[in-house]
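Take a look at the structure below.
The values are calculated or read from the model by the stated rules, or taken from the named source; none is laboratory data. Keep in mind it's a predicted model, so treat the numbers as computed, not measured. Here the Cβ positions follow ideal geometry from the backbone for every residue, glycine too, while neighbour counts run over all protein chains shown. All accessible areas refer to the heavy atoms of the entire protein, side chains included, with ligands and DNA or RNA removed. Shrake-Rupley method; radii C 1.70, N 1.55, O 1.52, S 1.80 Å.
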Amino acid sequence: MKKFRTVCLALFFTISCLLAGCAETGSIKESDITGRTYTYQKDGFGGDFTITIMDDGTFSYYEGLLSSYIGMGNWTLDGDILHLSDTESQTKTRNYYFHVDGSDLVFISENSDSFSYIDVADGEQFSS
């Protein structure tokens with residue numbers, strides 16, 4: 001009976017932890033996203049719209065062959081949220097936020113600036 005009670009308690013705590021979200025969900029590490037180029041799921045501006053995340057904390061993006069602008073700046077990772085800070089000029093910074101979902105970056109429109117030539121909607125993906 002004592003063994004049965006111990007097993008039930010262990011099962012109860014395991015299920016409670018899973019339901020509460022305290023089980024490890026495979027947190028995102030910087031090495032999971034760096035050294036990759038992510039391509040927009042739709043057409044870019046005359047070619048592929050790509051974002052490249054470098055392991056030195058920088059990134060670049062190119063909206064397509066017809067774009068004369070190559071965005072670049074620094075990135076940070078907070079949990080599964082990737083923040084790209086494009087230092088367009090000394091007085092203007094553009095910010096973009098993405099949810100990291102496996103090998104995809106999912107655009108978060110809230111608090112993100114618009115890209116120059118492509119309207120990226122909330123939830124649209126860039127895949128590596």
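When Asp80, Asp43 are compared by accessible area at a 1.4 angstrom probe, the order from most to least is Asp43, Asp80.
Ile70 sits with roughly 90 Å² accessible to a 1.4 Å probe, with DNA, RNA and ligands left out of the calculation.
Extension gain for the segment Thr58 to Asp119, taken as residue separation times 0.36 nm less the Cα-Cα distance, is 19.7 nm to one decimal. Once the gyration tensor of the Cα atoms in the stretch 23-128 is diagonalised, the equivalent ellipsoid follows with semi-axes of 21, 15, 13 Å, ordered largest first.
Rounded to the nearest 10 square angstrom, Asp48 shows an accessible area of 110 square angstrom against a 1.4 Å probe. With a Förster radius of 35 Å applied to the beta-carbon distance between Ser31 and Ile70, the computed FRET efficiency rounds to 0.90. Loop-resident chymotrypsin sites (Phe, Trp or Tyr not before Pro) (DSSP state other than H, G, I, E or B) in the stretch 62-124 with no more than 14 further Cβ atoms inside 10 Å of their Cβ: Tyr69.
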